[in-house]
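Inspection log for the structure reproduced underneath, given as structure tokens.
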Amino acid sequence: LPLPPARVALLYLAASSAAALLPTPGGFGSLDAALGLALTAAGAPAAAAASAVLGYRLLTVWLPLIPGLLVLAVLVRRRTL
């Protein structure tokens, strides 16, 4: 994104504060929309803002599930669960 890191951090703080007003599990939907809107309003291209938000969600929500699924598979295979 063509924005300085300090501005992105400030936008994230503002977007997460706004998303807290609409309580959804894990901030799904509300945080994504608020963060995309904040990045776009700050001057980032819409496509870059959308891919940054999707990349953020991929790294913070979906990628950490992989080790958990592997451990679950091992536990089920050993019948310890």
Open item on the list: Based only on Cα atoms, what mean projected area does the convex hull of the chain have, in nm²?
Closed with: 6.5 nm²
TODO: Go ahead and collect, in residue order, the members of the stretch 1-15 whose backbone nitrogen is under 16 Å from a label point 7 Å along the Cα-Cβ direction of Ala47.
DONE: 1-2
- [ ] Would you mind checking which residues have amide H under 5 Å from Leu3's amide H? H placed 1.01 Å from N; only 5 or more apart, or other chain.
- [x] none
Task: Computed E for Ala33/Leu69 - FRET, C-beta separation, R0 22 angstrom, nearest 0.05 - done: 0.20
Task: Under Karplus coefficients 6.51, -1.76 and 1.60, residue-wise ³J(HN,Hα) of the stretch 5-21 in Hz, glycine/proline x - done: x, 5, 5, 5, 5, 5, 5, 5, 4, 5, 5, 5, 5, 5, 5, 5, 6
Task: DSSP-loop chymotrypsin sites (Phe, Trp or Tyr not before Pro) across the stretch 1-56, with at most 14 other Cβ within 10 angstrom - done: Phe28
TODO: Would you kindly derive the ³J(HN,Hα) couplings of the stretch 64-75 from the backbone phi angles with the Karplus curve 6.51 cos²θ - 1.76 cosθ + 1.60 (θ = phi - 60°), listing them in order in whole Hz, with x for Gly and Pro?
DONE: x, 6, 4, x, x, 5, 5, 5, 4, 4, 5, 5
Task: Most mobile listed residue (Gly68, Gly36, Gly27) in the chain, GNM with C-alpha springs under 10 Å - done: Gly68
- [ ] For the chain, calculate the relative contact order in percent as a whole number, restricting contacts to Cα pairs under 8 Å that are 6 or more residues apart.
- [x] 26 percent
Task: Whole-Hz couplings from phi, Karplus 6.51/-1.76/1.60, listed for the stretch 40-55; x for Gly and Pro - done: 5, 5, 7, x, 7, x, 4, 5, 5, 5, 5, 6, 5, 5, 5, x
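Rule-based calculations on the coordinates, nothing more; no lab input. No experiment lies behind these values; they were computed from the predicted model shown. Using ideal geometry, Cβ is built from the backbone for each residue, glycine included, and neighbour counts are taken over all protein chains shown.
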